[in-house]
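In what follows, a structure is listed as structure tokens, so that the remarks can point back to it.
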Amino acid sequence: MTDFKSLKSIPVKTISGDRPGVNPSSFEGQLYYDSDGAGAFKFITKAAAGAWASGGNLNGTNNQKRAGAGIQTSAIVMGGVGTGDDSNVDAELYNGSSWTEVANLNNGRGLAVGAGTVNTAALLVSGRTASQAVYNNTEIWNGSGWTEVNNLNTARYYAGGDGTSTAAILAGGVSATATVGVSESWNGTNWTETNDLNTARAELTAMGTSAAAIAATGTTATAATANVETWNGTSWTEVNNVNTARTLLAGAGTSTSAIIFGGNPALAVTEDWNGTSWTEVADLAAGRKNTTGSGTATLGLAAGGGTNPTAVATEEFTIANPVKTVDLS
């Protein structure tokens, strides 16, 4: 890298990894050095907007406000509500083409939060029942059944969260009395209260890990917000807002590379986060609220939701990796 800089008198940025999930408009045409692994010079050919395509339909009928986890080819949806706000105990697994019903939850609920990177190990926490009971219950999925584990400290629904079945973060939501900014982390055994969101909100989405997450949009006690905050394992920091303020949306990805999609009343708008700012990219084929999101910024998944509680449609988001390796031989 030093020889290239000396020869051409051009500074070369150093970045770890391909960053395929980044909307690359700010890097388009630029050479950089990938310090990850063996290292290589790379460049981004052009910005890619991505596209949504149809996936396999869900089997259940109560397909709004379900929790989700996993990746595009190994996902899980859990709980949900339907007509009359019926609580759903169903869980379904996705293999990249079709959904399969598996063992029921111990406690039927919707408006809960899911966490997990594969469909064989997931966490379901919080939520609300058809009778409007607010839950602090936590259940873990091991690939064959559900086990109740230690509860949240603050019962709530419409929170945002992500992570794995052994290390997760959950923030915001509606408690029995108010919209809250309370944040809690999960270490595989217990939930621990941490620093609150700067803006208390519900109906938000969150992506990432217990050490690095992003929480986007939602509603305060009075209105929808475009606010976004990132989590560094200790505290939340406000960052650049989304372009379209919304509630009841979903998302996929990490704290530095994510997409958000859908929202109330039935939005199709999708936005990409590159670690600094938000860019609108390809819309969903059908606008939907209360949809379930999982996957990554380059391989995302949207299941259920919409204006019809029984909607079964799944859409898969794919963005081509525009990063190319430079042959210096």
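For the reader, a short list of remarks on this structure follows.
- Thr310 versus Thr234: modelled label distance in nm, points set 7 Å from Cα along the beta carbon direction: 5.3 nm
- Close amide H partners of Ala130, meaning residues 5 or more places away or on another chain with modelled amide H under 5 Å apart, are Ser87.
- Its convex hull of Cα atoms gives region 51-318 a direction-averaged projected area, equal to a quarter of the hull surface, of 11.1 nm².
- Note, ³J(HN,Hα) from phi for region 254-259, Karplus 6.51, -1.76, 1.60, rounded to Hz, x at Gly and Pro: 10, 6, 10, 7, 8, 10
- Rounded to whole numbers, the Karplus 3J(HN,Hα) couplings from phi for region 64-70 are 9, 6, 7, 8, x, 7, x Hz, using 6.51 cos²θ - 1.76 cosθ + 1.60 with θ = phi - 60°, and x at Gly and Pro.
Since every read-out is calculated from the coordinates, none of them should be taken as a lab result. It should be emphasised that the depicted structure is a prediction, and the values quoted were computed from it without experimental measurement. All Cβ positions, even for glycine, are placed from backbone atoms using ideal geometry, and neighbour counts span all protein chains on display.
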